[in-house]
Amino acid sequence: MAVELSNKYACLIPLCPLVASRLTGSLSFFLPEATRSLRRLCAAFNTFSLITAMSVSFALFWQQAATHSIQQYLWARIPKSDFRLKIGFLIDPLTLAMSILVTTAGISVMVYSDSYMCHDQGYARFYAYLSLFTASMSGLVFSPNLIQIYVFWELVGMCSYLLIGFWFARSSAANACQKAFVTNRIGDFGLLLGVSGAYWITGSFEIFELCDRFSELSSNSVINPILANTIAPLLFLGPVAKSAQFPLHVWLPDATEGPTPISALIHAATMVAAGIFFTVRIFSLISVLPLTMHIISWVGGVTTLSGATLALAQKDLKRGLAYSTMSQLGYMVPASGIGASRPALFHLITHAYSKALLFLGSGSVIHSMEKVVGYSPTRSQNMFLMGGLRKHMPITGTTSPSGTLSLCGIPPLSCFWSKDQIIAESWLRSPYLGLTTSTTAGLTAFYTSRIYLLTFEGNFRANQTSYVGFNTFSPSENIITSWGGARPESLATQASGNVTSTTDMERSGVAETGNLVTPPPTERGPIREKAIQNHSERNLLYPQESNFCMILPLIVPAIPTAFAGLAGVDPIQKGTGPDLLFDWLISIPSSPEVNTHLKNLTEILTSSTPSLSLSLIGLLISFKIYGQTNKLVDTKFFEKFKLINENLLNTFVSLVRNWSINRGYIDYYYDTYFVRGINFAGKLVLYFDKWVIDGFINGTGVSSLSGGEGMRRGKNGRISHYPLGLLIGVILLVSVVDFPIPPLP
């Protein structure tokens, strides 16, 4: 009966959001006027459909706790001689964990979007895209064969194209969605070649059958090692693009041009998670190829370190979080490459909720900042125009630190447990990889706490046009500019002008505050001073806390962000395979096991002391630089380095800033060598087609036309012309051909 229940209701998980998306899209296309009046009903219907899918996911999850079985429901087949493709659903612990992750994150985003997108004309269309996105991702995780995975893989890519370019009238959004689409096509083409090669070797598309047969053939040395180590990296090329691994990561920062709820969904539970899921799904295939495992581990290692360095000096709030996602995905990939697939999956889950919390919090901040600084992303997402928002947005400012500290790797928050296991496994496999992951842990603590401090602590800087925190001292001006971004010339001029005018007015005995003319400071009383201050504050705009629909999705992910990592303390489950993920996640210690768990907790904290120390150092440095309440940066911190080597420090910080602001110069080289090279090759092909191919065809036609016209005019039927032509021909023949004269007899 349990098996029949799973087979019967598993199809509802992708089917519910798919039906909701189709109905909403059809209604929006055929009845646009009715859709505008019923758009809140459409949003409620899409949300309810995803709630139904989530309920089925939880029901199957608890049923799996009782059966511990792997089930497949195959309802169709396509026969053709020896080729048979079975289509259906695969239900195992990995599938159910990913299904719960996708549906819960999707529900939070849908509830959040009701308020965030309420004024957008494409409100109903946005919900149709959201439901199609979650349906595609759910279909991907339930797929039992590579063909079905590839179909949903492409659907996920299509939905990301539609959602990243949702505001297509903005050129930056249109370019970003095209960049994401083209970059993912490169990885998808490699994935298609890998799927074809795997079928050619094993004769099957079924995941379990294919992996078992591939492992058997490799162990018996039947497969050519070169061929095997070519097909496996081609399969991995799909996750490289989809999960933004180096060097196909360039689309991810630009994907923030889409609405912020989409950024939360892409970075948390869909698209970028698809690559990690697929890598773990075919783990038994790649685990028998040491060279491929080595490639995977170092691709992830380079990604995690480069993503952390690129996030160090970002001014855009969402772009800084995007590079953080790139770095954290880099942790999961080398974990799979060194055989630690279970910590990789665990970090996927803990990071998803932490990053969803941070992106939704950033959306709340941006939504409030737009009412103060305008709707330009260069202003509403600029962290250097924020500051002090925890006072004005208390709930957003209270939930964000949990996600920040979780990514920093601070216990007992969730990401600490998963990240620490990956770092420990990396040190066991390779000292260089361990050093890379440990260094990244310190950098992660620095840039994530930097984002929080610039956004929520200090004073609100958007109203302080005469703010002079960029040049408070000259020796370390380059350092502050490096970490804080260049100060606009107009702002500097305006600031200096404001300061000068205020000083001159005070010297003359009169100062103006708003429309109120006030006496000099020496003649003001305490009551008068307070009245002036209150009047000045009333004339300034400050962000306000978001409404309930945006606050509730911030509170819900904060719970797993704080407590989900405690599952990693379980001392009983010691396996590393993905099949044990479910038992690991549901392990709840009984009373006799509490002492054992506490002992294991002590061992974990002791072994994580080096990486935790690096995280704390990163936090301390970030706090010393950005943690001042009345300054943008702490200048005294940099003054301490004067005795060491000021020029060397300035040069180093400038290099780091330029590296981060210019995205590691990777986009520049891509544009120089690939984009321009392809454009030049396209122009050559166009020239060849126009002047060689078309020229040959056009020349043939023109010669035929001219020859025909000449013959038509020459053959006009007049008898007098024929003897004349014959005479001319004889004369030419005689003049050209030298006939030999026979000798006289």
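The values are calculated or read from the model by the stated rules, or taken from the named source; none is laboratory data. This structure is a prediction, so every number in the text was calculated from the model and none was measured. Positions of Cβ are generated from backbone atoms using ideal geometry, with glycine treated the same way; all protein chains shown enter the neighbour counts. Side chains are part of the model used for accessible areas, which takes the heavy atoms of the whole protein and leaves out ligands, DNA and RNA. Shrake-Rupley method; radii C 1.70, N 1.55, O 1.52, S 1.80 Å.
Whole-Hz ³J(HN,Hα) for each residue in the stretch 185-200, computed from phi via Karplus 6.51 cos²θ - 1.76 cosθ + 1.60 with θ = phi - 60°, x for glycine and proline: what do you get?
For the stretch 185-200, the Karplus-derived couplings read 5, 5, x, 5, 5, x, 4, 4, 5, x, 4, 5, x, 5, 5, 5 Hz, x marking Gly and Pro.
Give, in nm to one decimal, the length gained when the segment between residue 616 and residue 158 is fully stretched (0.36 nm per residue of separation minus the Cα-Cα distance).
Extra length from residue 616 to residue 158 when fully extended: 160.8 nm.
Would you mind checking which residues have amide H under 5 Å from residue 85's amide H? H placed 1.01 Å from N; only 5 or more apart, or other chain.
78
Using each residue's phi in the stretch 245-250, evaluate 6.51 cos²θ - 1.76 cosθ + 1.60 at θ = phi - 60° and report the 3J(HN,Hα) Karplus result to the nearest Hz, with x for Gly and Pro.
8, 4, x, 9, 8, 5
Looking at this model, which pairs from 86/355; 179/690; 179/371; 242/355; 179/683; 8/86 are more than 25 angstrom apart at the alpha-carbon?
Result: 86/355; 179/690; 179/371 exceed 25 Å.
How would 33, 603 line up by accessible area, probe 1.4 Å, largest first?
Putting 33, 603 in descending order of accessible area: 33, 603.
Tell me, Kirkwood radius of the stretch 220-279 from alpha-carbon pair distances, in Å?
Value: 13.0 Å, from the Cα pair sum.
Using the beta-carbon distance between residue 606 and residue 665 and R0 = 56 Å, what value does 1/(1 + (r/R0)^6) give for FRET efficiency, to the nearest 0.05?
Taking R0 as 56 Å, the efficiency between residue 606 and residue 665 is 0.85.
Does the stretch 90-232 classify as rounded, prolate or oblate by the C-alpha gyration tensor (a ≥ b ≥ c root eigenvalues; a/c under 1.5 gives rounded; else a/b over b/c gives prolate, otherwise oblate)?
Oblate is the answer for the stretch 90-232, as a/c is 1.5 or above yet b/c matches or exceeds a/b.
Per residue of the stretch 663-671, what does 6.51 cos²θ - 1.76 cosθ + 1.60 with θ = phi - 60° give for ³J(HN,Hα)? Whole Hz please, x for Gly and Pro, Karplus curve as stated.
The phi angles translate into 6, x, 6, 5, 4, 5, 5, 4, 5 Hz.
Indicate the gyration tensor shape class of the stretch 280-390 (rounded, prolate or oblate), computed on the Cα atoms with a ≥ b ≥ c the square roots of the eigenvalues: a/c under 1.5 is rounded; otherwise a/b larger than b/c is prolate and the rest oblate.
Prolate, since a/c reaches 1.5 and a/b exceeds b/c.
I'd like to compare 670-682, 381-393, 185-197, 447-459: which one has the highest average count of other Cβ atoms within 10 Å, and what's the full order after that?
447-459, 381-393, 185-197, 670-682
Within a Cβ distance under 10 Å of residue 385, other residues only, what is the Lys/Arg minus Asp/Glu net charge?
So the environment of residue 385 carries a net charge of +3.
Under 5 Å between amide H atoms, partner at least 5 residues away or on a different chain: which partners does residue 386 have, H built in plane at 1.01 Å?
Amide H to amide H, under 5 Å and 5 or more residues apart or across chains, residue 386 pairs with 461.
So, in nm, how far is label residue 8 from label residue 222 when the simple model puts each one 7 Å beyond its Cα toward the Cβ?
Result for the modelled spin labels: 4.1 nm.
Once the other residues with Cβ under 13 Å from the Cβ of residue 168 are scored (Lys, Arg +1; Asp, Glu -1), what is the net sum?
Net charge around residue 168: 0.
According to the square roots a ≥ b ≥ c of the eigenvalues of the Cα gyration tensor, what is the shape class of the stretch 652-706, taking rounded for a/c under 1.5, prolate for a/b larger than b/c otherwise, and oblate for the remainder?
Judged from the Cα gyration tensor, the stretch 652-706 comes out prolate (a/c at least 1.5, a/b above b/c).
Please compute the modelled spin-label separation between residue 31 and residue 689, points set 7 Å along Cα→Cβ, answer in nm with one decimal.
Using points 7 Å along Cα→Cβ, the separation is 4.5 nm.
Within a Cβ distance under 15 Å of residue 25, other residues only, what is the Lys/Arg minus Asp/Glu net charge?
Overall, the nearby charge balance is +4.
Counting only protein chains, not ligands or nucleic acids, how are 116, 123 ordered by accessible area (probe 1.4 Å), most first?
Result of the area sort, largest leading: 116, 123.
What accessible area per residue, rounded to a whole number of Å², is obtained for the stretch 652-706 using a probe radius of 1.4 Å?
The answer is 79 Å² per residue.
For the full complex of protein chains and a 1.4 angstrom probe, list 400, 607, 215 by accessible area with the highest value first.
So the residues, ranked largest to smallest area, are 607, 215, 400.
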